[in-house]
Amino acid sequence: MAGPVSEDEMNNRSYYRLLLIGITALIPLSLFAVFVFLGTYSWPAIRFNGLHFLIGKTWSLGNLYANPITLHGAVVPRGARYGVLVFVAGTVLSSLIALAIAVPVSLGVAVFLSEGAPPRLRPALSFIVELLAGVPSVVYGLWGFAVLIPFVAATLGPGLKHLFGWIPFFRGPVGGGYGLLSASLVLALMVVPIIAATVRDALSKVPLEIKEAAYGLGASRFEVVSRVMLPMARASVIGASILGLGRALGETMAVLMVSGGALNYLPGNIYGPVSTMASFIASQLDSALQDPTGMAVRSLAEIALLLFGITVLVNILARLLIGRKGATARA
Amino acid sequence: MRRMFFVTKKIAPWAVAALSLMPFSVPPAVATQRVTLLETGSTLLYPLFNLWVPGYTRAHPGVRITTQGTGSGTGIAQAISGVAQIGASDAYMSNLQIKQNPSIANIPLAISAQTVNYNVPGLNRVHLKFSGPVLAGIYDGRIRYWNDRAIQSLNPGVRLPRKVIVPIHRTDGSGDTFIFSQYLSFSTPQWDQNVGYGTTISWPALPGSIGAVGNPGMVQAAQQNRYSIAYIGVSFSREVAKAGLGTAFLKNRAGRFLLPTPVTIGAAANQLVAKTPKDERLSLVFAPGVNSYPIINYEYAIVNKHQPNRAVGDAVRNFLRWAVDPRGGNSMRYLSQVHFMPLPGRISQLSKVQINEIK
Amino acid sequence: MPLRAPKPLWRGRRTLAGVLGWSGAVLAFVLVAFPLLDILYLITRRAFSAFSLTLFTQVTNGISGGLLNAITGTAVLVAGSLIIAAPVGILTGVYLAEFGHGRFGSTVRFCSDVLTGVPSIVLGYFSYVTLVIGLGWQFSVMAGAITLAIMIVPYLARLTELALQRVPNGLREAGYALGMREATVIARVVVPAALPGVLTAVLLSTAISVGETAPLIYTAGWSNYLWNGRFTHEPIGYLTYVIWSFINQPFASAHALAFAAAFLVIAAVLVLNIGVHLLLRRKVPAH
């Protein structure tokens, strides 16, 4: 690809270039393989479940001890129904609430790290936030279980109810801390470092001349940040938020340990138990394996396929937005 | 995938060498005749296996046994697929599963029980009384308040509060859910028709009810939610006591209200000893007899009678034989730590017959 | 534009906005930093009772004993995933940086970014269906390591690409001027110059592998014993399993082990991140 070369050298090149191309192709291939295998494996479930899969609220393995029946050409346990609306709703709600908390907090963190904190301390403070991104999901779950749940049940939940009880979604029983609120808080904590790091980088790329020009116009330090720098970083903020959304949608262990695992109903308020698609796959494979017809495991694969599709779409969206930003920056 | 596999295979010896240089590593066990068994499944049996294995392997250094708490469904599935040599399960296999896999045996190892616990301030020292139909009513939403007439009539003289009941159930697949829902199904036709029983059941949509993961999650959720009710495996009775929860008297088939004690658990088991078939697949829930505690079950080892080779078959057989022996694994030295009960003599014999068929 | 002094009231409001804005930023940081410190505090405090020499010298004996099997198991799985993923990821990064200007390059770049966004549980389920059951490998080092490798390859590729892009073109030209072939320039000039960046990528991928749980539960299984050198048909222990599983046991000793495992995982992540910082600092002198 680079410049004209002699035929001799071309031959020399072709060997290792082919090797490189072959290895490089592994990434698209594995992505493709995940899609194909999940699709093939879940195909009987896709055919059996039809549209009910997406709009049904009931996930029931049916009577595993009775003899299975033949329904729509498939052999399934009596009474088996696989509807995932509750899990889709739980996933989307927890991720969106997490994002609603995480985006403003991330902006604050990014502004603090790039402009507010004393320059000497900035590397150390940035390190704290980076470390937060490195904390494994299961450790967040452990902390959520031991610290966050009791706090939400005893303090935060009742407090929010007291303050915002006039909003329907904040009304009603606070419950035991396991639920949408705790899941969203843990997710928020997990995506803040992703968004904050991207925004901080974008802020640091704002040319000094523009900042100086703003100061020259009499803007205060905060006005330079809020009126000049953040607007310039807008594309990054949006792209990073969607990336964070992608992470939140697929988070498993931490959510599993704090979400309360609702089955067959939608949360009545922000404190109510939810299940997400990812945590449901992790917690239900065991029960599904007890279905001798195998339809339950294939339906779980269908959830995995759906989750795969959603996260891929979200990531494509994020990359397109960030890509566009890149294009304008180069122009 | 192929390519990756190829790459690793090539570099693998190098990796082994590098690892053995690590300060904390012990040279990999080379050229031993030892057999390694994998036990996986029930989280209820997991603590018991964790007590058994160190005790057994100390006396039998030729065998190594790995234990995993993955859930009963996984235990059964992996005993069938051969991934595990011993699958642990709180539930026996269904007729269809047996038909599909005729070489798989269901071998009772011990007897476990379950308690119903609650957190009602002021009443946790009182043993409240519940029946299957009342619990079914609580879990399907027909009974919403603690002072509901149905509960009050079982507990005359107790001042029950007018508070909404918070039912807690397991969300992971669990043998606890299996036997609890059997109690409801066997005692309440309406529950049997609408919900049924299983390791994961389709819980009636009941806003405010809480799902918890694992028995510790159940204990914690019950502790944190006043006016809640939960079903918890008897292995966790120490945690239940520490959390200050109340333990319920449960109504048995004969109409008496009982707590789980060695006497009432043993009585229930004895009632069904004679009925236990050769393949030992039988529910012990809601047993007849005046002194029978209603929620007990056999804890099973799910084992393929045809093991891959003789050494493995011998190892599985010897270990299981030790496990059901009252001088071995079935002694109270092990069982009392998890509040299990030993197998009655006849069941122990039936289990041994099945164990001896393992090749 | 001539400078004009703003009206006092206006200035007051601007000052107030500034004060509120900066306090908000500080508050946001505290909201994020506090949980991290609390996590560290909780885990250190609860792990303390389990800390002794046996933690590092004994295998998990039921639910007591040590964590030697989990520690070595995590090391084996991470090493295995790196052995698979590092060559693939780094070479992909080389390709992307040096030749990836065409459509194929951008497709790969795009796919690898998408792959980083695929939830780990989905990859775990994929491996369970294909490797554990499909190929019949059962729970094994190989199934676990390949799953982790698929997870970290895109990180390695993109971070390597980034590191190589930072190598000044002058270096490449100097190599060609000396008569080097393209492959030699890349192997002897470009990659060595980008080595700190590539190492950073490896360290970060290691940190990701060390902390992963969900996909390993259905691929690596768990073992109470030290790895016996088999790549398939033999489950292996790892630290995150202890965290997830032992916290569900009715024994205090098991809980202590769970927190000790969490402590070790966090400590490893901390050390790896500090390593990354030291590498980056060496590359770019403090400014």
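Every number in this text was worked out from the coordinates using simple rules, so none of it is lab data. Predicted, not measured: the structure shown is a model, and the values here were computed from it. Here the Cβ positions follow ideal geometry from the backbone for every residue, glycine too, while neighbour counts run over all protein chains shown.
Rounded to whole Å and ordered largest first, report the semi-axes of the equivalent ellipsoid of the protein assembly as shown derived from its Cα gyration tensor (root of 5λ). Don't skip to the answer; put the middle values down first.
Working: eigenvalues 506, 257, 119 Å².
Three semi-axes, in Å: 50, 36, 24.
Suppose we keep just the DSSP beta bridges with both residues in chain B; what percent of those would be antiparallel, to 5?
On the way: 24 of 41 bridges.
Of those bridges, close to 60 percent are antiparallel.
Out of every Cα-Cα pair in the stretch B:114-268, what percent are more than 22 Å apart?
Numbers: 4081 of 11935 pairs.
So the pairs more than 22 Å apart make up 34 percent of the total in the stretch B:114-268.
Bin width 5 Å, alpha-carbon pairs only: give the P(r) of the stretch B:241-357 as whole percents, running from 0 to the bin holding the largest distance.
Percent of pairs per bin, in order: 2, 11, 18, 19, 18, 14, 9, 5, 3, 1, 0.
Evaluate the Kirkwood expression for the hydrodynamic radius of the stretch C:109-179, namely the inverse of the mean inverse distance over all pairs of different C-alpha atoms, and round to one decimal in Å. Working shown, then result.
Working: mean 1/r = 0.0688 Å⁻¹.
Taking the inverse mean of 1/r over all distinct Cα pairs, the stretch C:109-179 comes out at 14.5 Å.
By count of other Cβ within 10 Å, fewest leading, how are B:TYR300, C:TYR218 ordered?
On the way: B:TYR300 30, C:TYR218 26.
Fewest to most other Cβ atoms nearby, the residues stand as C:TYR218, B:TYR300.
How many angstrom lie between the C-alpha centres of the stretch B:232-274 and the stretch A:27-49?
Cα centroid to Cα centroid, the span is 47 Å.
Sort out for me the Cα centre separation of the stretch B:136-178 from the stretch B:90-121, rounded to whole Å.
24
So which DSSP H runs in chain A come out at 20 Å plus along the axis (Cα) with average Kyte-Doolittle of at least 0.5?
Values: long enough: A:7-24 (24 Å, -0.48); A:26-49 (33 Å, 1.30); A:85-111 (38 Å, 2.36); A:180-204 (35 Å, 1.87); A:234-250 (25 Å, 1.05); A:295-330 (51 Å, 1.23).
Helices meeting the span and hydropathy rule in chain A are A:26-49, A:85-111, A:180-204, A:234-250, A:295-330.
Can you pull the one-decimal nm distance between simple spin-label points at C:ARG230 and A:ILE316, each 7 Å off the Cα toward Cβ?
For C:ARG230 paired with A:ILE316, the spin-label model returns 4.3 nm.
Where both residues lie in the stretch B:114-268, what percent of DSSP beta bridges are antiparallel, nearest 5?
Details: 11 of 18 bridges.
Rounded to the nearest five, the antiparallel share is 60 percent.
Picking from A:SER184, A:SER126, A:SER95, which is most flexible by a Gaussian network model of chain A using Cα springs under 10 Å?
Of A:SER184, A:SER126, A:SER95, the Gaussian network model singles out A:SER126 as fluctuating most.
So, in nm, how far is label A:ARG122 from label A:SER14 when the simple model puts each one 7 Å beyond its Cα toward the Cβ?
5.2
P(r) of the stretch C:155-267 in 5 Å steps, Cα pairs, percent per bin?
Pair shares across the bins are 2, 11, 14, 13, 12, 9, 8, 8, 8, 7, 4, 2, 1, 0.
When the expected Rg is taken as 2.2 N^0.38 Å, what fraction or multiple of it is the alpha-carbon Rg of chain C?
On the way: Rg = 24.2 Å, N = 287, 2.2 N^0.38 = 18.9 Å.
Normalised Rg, Cα atoms only: 1.28.
Just how far, in whole angstrom, is the stretch A:55-85 from the stretch C:164-231 if you go by their alpha carbon centroids?
Centre-to-centre (Cα) distance: 47 Å.
For helix B:2-20, report the angle its Cα long axis makes with the longest principal axis of the Cα atoms of chain B; keep it between 0 and 90° and round to the nearest 10°.
The angle comes out near 80 degrees.
What are the semi-axes of the equivalent ellipsoid of the stretch B:156-248, taken as the square roots of 5 times the eigenvalues of the Cα gyration tensor, listed largest first and rounded to whole Å?
Numbers: eigenvalues 90, 60, 35 Å².
Taking √(5λ) for each Cα gyration eigenvalue gives 21, 17, 13 Å.
Using a 10 Å cut-off around each Cβ, can you sort C:ARG109, B:ARG256 from fewest to most neighbouring Cβ atoms? Before the final figure, lay out the partial values.
Working: C:ARG109 21, B:ARG256 16.
Listed from fewest to most nearby Cβ atoms, that is B:ARG256, C:ARG109.
Give me the aspartates and glutamates in straight-line cross-link reach of B:LYS352: C-alpha distance below 12 Å, same-chain residues under 8 apart excluded.
Qualifying aspartates and glutamates at Cα under 12 Å: B:ASP279, B:GLU280, B:ASP325.
Rounded to the nearest 10 degrees, what's the angle between the helix B:175-187 long axis and the longest principal axis of chain B, both from Cα atoms, 0 to 90?
Approximately 40 degrees, to the nearest ten.
Averaged across C:130-136, how many Cβ atoms of other chains sit within 10 Å of each residue's Cβ atom? Write out the running numbers ahead of the final one.
On the way: counts 6, 2, 3, 5, 2, 2, 3.
Averaged over the peptide's residues, the number is 3.
State the antiparallel share, in %, of DSSP beta bridges confined to the protein assembly as shown, rounding to the nearest 5.
Values: 32 of 50 bridges.
Of those bridges, close to 65 percent are antiparallel.
Determine the calculated [θ] at 222 nm for chain B from helices alone, applying -39500 (n - 2.57) to every DSSP H run no shorter than 4 residues and normalising by the residue count; nearest 500 deg cm²/dmol. Show your work: numbers first, answer last.
Details: 14 runs with 143 residues, N = 359.
After summing the helix terms and dividing by the residues of chain B, the value is -12000 deg cm²/dmol.
Given Cα pairs under 8 Å that are at least 6 residues apart, what percent is the relative contact order of the stretch A:87-288? Please report the intermediate quantities before stating the final value.
Numbers: 272 pairs, mean separation 73.4, N = 202.
Here the relative contact order equals 36 percent.
Write down the Kirkwood hydrodynamic radius of chain B, to one decimal in angstroms, obtained as one divided by the mean of 1/r over all alpha carbon pairs. Intermediate results must be reported in sequence, preceding the final value.
Values: mean 1/r = 0.0459 Å⁻¹.
Roughly 21.8 Å, rounded to one decimal.
Could you tell me which of the pairs B:LYS251/B:LYS275; B:LYS129/B:LYS163; B:LYS275/B:LYS359; B:LYS99/B:LYS251; B:LYS129/B:LYS278 are separated by over 25 angstrom between their Cα atoms in the structure shown?
Details: B:LYS251/B:LYS275 22 Å; B:LYS129/B:LYS163 17 Å; B:LYS275/B:LYS359 27 Å; B:LYS99/B:LYS251 35 Å; B:LYS129/B:LYS278 36 Å.
Those over the limit are B:LYS275/B:LYS359; B:LYS99/B:LYS251; B:LYS129/B:LYS278.
Starting from the Cα coordinates of the stretch C:70-239, work out the convex hull volume and express it per residue in Å³.
Considering the Cα atoms of the stretch C:70-239, their hull volume per residue is 116 Å³.
Per Stokes-Einstein, at 25 °C and 0.890 mPa s, what whole-number D in µm² s⁻¹ belongs to the stretch A:87-288, with the Kirkwood radius over Cα pairs as the hydrodynamic radius?
On the way: Rh = 18.1 Å.
Estimated via Stokes-Einstein, D reaches 135 µm²/s.
For the pair A:THR40 and A:ALA66, how long in nm is the line joining their label points, each one 7 Å along Cα→Cβ?
3.5
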